[in-house]
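Just below is one structure, and these are the notes that go with it.
What follows is calculated from the coordinates using simple rules that are stated; it is not laboratory data. Since this is a predicted model, take the numbers as computed values, not measurements. Cβ coordinates were reconstructed from backbone atoms using ideal geometry, including for glycine residues, and neighbour counts include every protein chain displayed.
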Amino acid sequence: MLTSIAAVAAAVLLIGNAGFQVALAAGVPWGKAAFGGRAAREDGTLPAPYRGMSAGTAVVMVLVAWLVLARGGVVGSGPLSDAVVFWGCWVVVGLMALNTVGNLMSTHPVERWLMGSTTAALVVLVGIVGWFGG
């Protein structure tokens, strides 16, 4: 039960992050709250290469949400083996830990506090799913 709750909570955060990335890719002027604020143009939007990265990140976040839900037993793992789902969760934990450090070093308060706390929560939630899931 704890694993399923943690998996769903992590998926909600991941899908929320994907939505943020889709908004950036679509040209919403939140660029200072992403990529350390260094990529934002004067109007707050991201240049085309960064919009592409945001779009790619959104796709990855959705796939990671599915991976975490699969490890948590909420959805099926499809063609992925149990080993891929298991190790995939631990890769996500590591990447989110690194992302948390980067977010906390940002000068933008949204990236530092909102995104930093979100990725820190994902480290804990996906760690629970990785450890107890299956």
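Mean separation of Cα pairs under 8 Å and 6 or more residues apart, divided by the residue count, gives region 2-46 a relative contact order of 28 percent.
Only helices enter this figure: runs of n ≥ 4 DSSP H residues, each worth -39500 (n - 2.57), summed and divided by the residues of the chain, yield -23000 deg cm²/dmol at 222 nm to the nearest 500. Scoring 42-49, 55-62, 76-83 by mean Cβ neighbours within 10 Å over their residues and listing the highest first yields 55-62, 42-49, 76-83. Computed as a quarter of the hull surface, the mean projected area of the alpha carbon convex hull for region 52-102 stands at 3.9 nm². Exposure proxy shown here: for Val85, Val68, the number of other Cβ atoms within 10 Å sets the order, fewest to most, as Val85, Val68.
Between region 28-84 and region 91-116, the C-alpha centres lie 13 angstrom from each other.
Pairs of Cα atoms nearer than 8 Å and 6+ residues apart set the relative contact order; for the chain it is 32 percent. With bins 5 Å wide beginning at 0, the percent of Cα pairs of the chain falling in each bin runs 2, 12, 20, 21, 18, 12, 9, 5, 1, 0.
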